[in-house]
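To keep things clear, I will list the structure first and then write my remarks on it.
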Amino acid sequence: MGLLAQGPRHGYELHSEFVALAGGKEHWDVNPSQIYSTLARLQDAGLVAEVGIEQEGGPEKRILTITPAGRAELDAWFATPVMGEHLRDELFVKLMLSLADGAPGSQTAGQVIHVQREALYRDLHRVTARRQAANPKDELGQILLLDKTAMHLEADLRWLEMVEARLEEVRRQPLPQPEPRLRGRPKKR
């Protein structure tokens with residue numbers, strides 16, 4: 001809806017413009033069918049409306065625009081903070097399970113940290129190279145995205161250092177266990 005707020009467009013234009021805005025397919029590749037199904041849902045909800053059909057030697061392209069209700073929804077979205085799932089972390093679960101896994105030949109927590117650290121440094125190198133190659137005169141938006149990405153990678157690397165420094169302490173502690181459940185039927189009163 002944010003792109004439609006700039007002016008009427010058809011689905012293919014929305015797909016191309018979103019991918020460009022998000023930094024390219026390597027950052028956020030959206031399947032074109034997802035764009036069209038989302039547009040259908042938005043139209044059913046009265047948030048976008050068809051304003052015409054374009055046909056230039058190819059298939060018909062439905063031109064859509066944002067409605068006043070869609071504009072209100074977009075404004076509400078802009079006014080809402082973005083909250084991530086910070087406590088739902090696959091690496092944390094992998095580390096905890098590696099501490100509990102005593103099977104011969106299994107990965108240790110130290111190995112899990114080593115593999116993750118290598119991947120983070122590769123990502124950080126790639127992002128930093130792209131950041132340095134970006135032109136601040138016409139790619140400032142992408143530079144800000146790359147800076148944010150680099151900062152997240154650096155924070156993950158610092159967290160791994162902290163975990164590694166306290167790994168023995170964590171290893172000595174019991175893993176969290178679920179609350180015990182009573183078995184059998186409840187007693188009658």
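The values are calculated or read from the model by the stated rules, or taken from the named source; none is laboratory data. This one's a predicted model, so the numbers in the text were calculated from it and none came from an experiment. Positions of Cβ are backbone-derived with ideal geometry, glycine not excepted, and every protein chain shown enters the neighbour counts. Side chains included, ligands, DNA and RNA excluded: accessible areas come from the protein's heavy atoms. Shrake-Rupley method; radii C 1.70, N 1.55, O 1.52, S 1.80 Å.
A few notes on this one:
One line per residue, one yes/no per condition, for (1) assigned to a helix (DSSP H, G or I); (2) modelled with pLDDT under 90:
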site	(1), (2)
M1	no, yes
A5	yes, no
Y12	yes, yes
V19	yes, yes
G24	no, yes
V30	no, yes
R41	yes, no
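- Residue list for segment 43-62, restricted to those being open to solvent by less than 30 Å² (accessible area, probe 1.4 Å) and within 15 Å of L14 (Cα to Cα): V48
- Consider segment 160-189 and keep the residues that are open to solvent by less than 100 Å² (accessible area, probe 1.4 Å) and either touching a strand residue (DSSP E or B) at 6+ places or on another chain (Cβ under 9 Å) or part of a loop (DSSP other than H, G, I, E, B) (or both). The one that is nearest to R117 (Cα to Cα) is L175.
- Residue within segment 123-146 that is free of Cβ contacts under 8 Å to residues at least 40 places away in the same chain, touching an Asp or Glu at 6+ places or on another chain (Cβ under 6 Å), open to solvent by less than 100 Å² (accessible area, probe 1.4 Å) and assigned to a helix (DSSP H, G or I) present: no
- All positions within segment 69-85 that are of a type in the set (V, I, T) and either open to solvent by less than 50 Å² (accessible area, probe 1.4 Å) or closer than 19 Å to L4 by Cβ (or both): T80
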